[in-house]
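Worksheet for the structure shown next.
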Amino acid sequence: MGVWQLLMVATVMLLGLFGVLAPGVPGTWLVWAAMLWWSLHVQTGLAWILLVSSTALLLLTQVVVWQLPPRRFRGVGLTRRTIGYAGAGALLGFVLLPVLGAVPGFVGGIYLSERLRLGGHGQARAATRAIMRAAGTSVLVELFACLLVVGAWAGAVILG
């Protein structure tokens, strides 16, 4: 697989990660489609293992998300800026502390956004809790699974 195709797969995966954060965009499926595309072109044992495992993980993630309470974006003060901070925090946390850092990074991004918006610690903490109850948990589960898939793919490309 050439450099340009790898860049296209990476771009689709990145769009999928942002799609998880945007309501109505099938981000999980974009990440999976990019993994499928890569696996079909590379056709190695590692590629097939990654495709099967990412398919299983993303399907399990969909089952978990369906079991969580429905997303209630309205009325909790969830803004695009908050979503951006949460996504950036999750990505930064995932890079700084591989795999496990995504969760505190996501919550920390929401807190930072609310702290900048509201000014005080108590208000920002209450707003963060409300956002996590309303929509954050299901978004976090999907984002974490997609970050695992993207991280596994990046590791396979870099090391393999």
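What number in nm² do you get for the chain if you take the convex hull of its Cα atoms and divide its surface by four?
Values: hull surface 37.4 nm².
That works out to 9.4 nm².
Between ALA154 and ARG129, how high is the FRET efficiency from 1/(1 + (r/R0)^6) when r is the Cβ-Cβ distance and R₀ = 25 Å? Nearest 0.05.
Using R0 = 25 Å, I get an efficiency of 0.15.
For every helix of n ≥ 4 consecutive DSSP H residues, a contribution of -39,500 (n - 2.57) applies; sum these over the chain, divide by its total residues, and give [θ] at 222 nm rounded to the nearest 500 deg cm²/dmol. Walk me through the numbers on the way to the answer.
Values: 7 runs with 126 residues, N = 160.
That calculation yields -26500 deg cm²/dmol at 222 nm.
Can you give me the angle between helix 121-131 and the longest principal axis of the chain, using Cα atoms only, in degrees from 0 to 90, rounded to the nearest 10?
50
When ligands, DNA and RNA are left out and all protein chains stay put, how many square angstrom of accessible area per residue does the chain have with a 1.4 Å probe? Spell out each step's value before the answer.
Values: 8840 Å² over 160 residues.
Here the residues of the chain average 55 Å² of exposed surface.
Between the alpha-carbon centers of the range 10-63 and the range 85-139, tell me the distance in whole angstrom.
Going from one Cα centre to the other spans 24 Å.
Hey, any idea what Rg/Rh is for the range 1-60, computing Rh the Kirkwood way over Cα pairs?
Details: Rg = 11.7 Å, Rh = 11.7 Å.
That ratio equals 1.00.
The values are calculated or read from the model by the stated rules, or taken from the named source; none is laboratory data. Since the structure is predicted, the reported quantities are computational estimates derived from the model, not experimental observations. In this analysis, Cβ positions are derived from the backbone assuming ideal geometry, glycine residues included, and neighbour counts consider all displayed protein chains. The area values use the complete protein model at the heavy-atom level, side chains included, leaving out ligands, DNA and RNA. Shrake-Rupley method; radii C 1.70, N 1.55, O 1.52, S 1.80 Å.
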